[in-house]
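Please treat every number below as a calculation from the coordinates, not as lab data. These numbers were taken from a predicted model, which means no experiment stands behind them. Neighbour counts run over all protein chains shown; Cβ positions are idealised from the backbone, glycine included.
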Amino acid sequence: MSLAARLNGLYGRSIYLPVTILSQSYRRASRRLRGVQRGQETRLPQAAWHEVFPAKPIVLVQPQRKQGDVNLGELAVLASAASGIDGGGDIVEIGTFDGRTSLNLAINAPAQARVFTLDLPPDARSKFALAPGERAFVEKPRSGRHFLEAAPEWASAAGRITQLFGDSATFDWSPYAARASLVFVDGSHAHDYVLADTETAFRLVTQKGVVIWHDYGVWEGVTRALGQIEASRHLGLRHVRGTSLVVWRNE
Ligand SMILES: C[S@@+](CC[C@H](N)C(=O)[O-])C[C@H]1O[C@@H](n2cnc3c(N)ncnc32)[C@H](O)[C@@H]1O
């Protein structure tokens, strides 16, 4: 396993993420002093990544972030979640984009775990309206390019990734029901989609499995939907400190 990938893992989790936490606390305190409000209010209780996921070593490839990607700290937390799944379970990702997260999930998961990642084809109709501005993530040159063009070292992990195409709200998820140890919800950020994809995630996840959402506090539709779900169902959703990830374990 390449030294660079190991160093990326170490850097992402032990330097990038703690520095992000510090800088977020500083900016929050500074805004409070100035009486300035920015972004959406996030009310879910926070947890440190190591309170919810194992601290096994992780490796990260494609560390450079492009618009639409998770940041390096978030990638490290997702890799940690994948490293902790039980061997028999699958991983489902809703929203493939460039496949950077799919590839890192596959690399860090147990060797027999399969990754299924769904993306909306650019010419497909969507059941609900997408959020303003997110068409750019749908209309990309090649969905999943990072695992489709993976370096030989990661070819075996990339080979465990299955690409699915469709609208997450109308896709037939029945073959995948109750089989996923980890579901990553990162498709459309529109409120209707977050609600629908969350219901899907709950159907896909195994007992003791984990659901992770991205972009809490970033996209209004995600923040509002997760707040409503927690207020009405008291599931115990937790916001992973220093990230826009929210996690729930099916216990
Ligand atoms: C923010 S990107 C996902 C990023 C990716 N998970 C990652 O971590 O690199 C959102 C993705 O969701 C896809 N998407 C948007 N609406 C969707 C829908 N209704 N069904 C399936 N995929 C959708 C977009 O095409 C885009 O690839």
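For the range 183-232, residues that are closer than 21 Å to ALA109 by Cα and among the aliphatic types (A, V, I, L, M) total 8.
On the given criteria, is ALA113 small (Gly, Ala, Ser), out of contact with any helix residue (DSSP H, G or I) (no Cβ under 6 Å at 6 or more places or on another chain) and either touching a residue at least 12 places away in the same chain (Cβ under 8 Å) or closer than 19 Å to ASN250 by Cα (or both)?
So ALA113 passes the test.
Listed by position, the helices (runs of 4 or more DSSP H) inside the range 145-251 whose residues that are more than 30 Å from ILE21 (Cβ to Cβ), under 18 Å from the mean Cα position of the chain (by Cα) and free of Cβ contacts under 8 Å to residues at least 12 places away in the same chain number at least 1 are 191-204. Scanning the range 45-98 for residues that are within 16 Å of the ligand (Cβ to nearest atom) and assigned to a loop (DSSP other than H, G, I, E, B) yields a total of 17. Please find, within the range 1-37, the residue that is nearest to ALA79 (Cα to Cα) out of those that are touching a helix residue (DSSP H, G or I) at 6+ places or on another chain (Cβ under 6 Å) and not small (Gly, Ala, Ser). Applying the filter and picking the extreme gives ARG13. Just so you know, in the range 199-233 the residues that are within 13 Å of the ligand (Cβ to nearest atom) and β-branched (Val, Ile, Thr) include one that is farthest from GLU93 (Cα to Cα), and it is VAL218. Only a single item in (1) under 22 Å from THR200 (Cα atoms); (2) among the small types (Gly, Ala, Ser); (3) assigned to a loop (DSSP other than H, G, I, E, B); (4) more than 12 Å from the ligand (Cβ to nearest atom) is not met by GLY39, and it is number (1).
Within the range 121-134, is even one residue in a helix (DSSP H, G or I) and either of a type in the set (Ser, Thr, Tyr) or within 24 Å of ASP172 (Cβ to Cβ) (or both)? No; the residues of the range 121-134 include none that is in a helix (DSSP H, G or I) and either of a type in the set (Ser, Thr, Tyr) or within 24 Å of ASP172 (Cβ to Cβ) (or both).
A single entry from ALA180, ALA131, ALA169 fulfils the requirement of being small (Gly, Ala, Ser) and more than 12 Å from the ligand (Cβ to nearest atom): ALA180.
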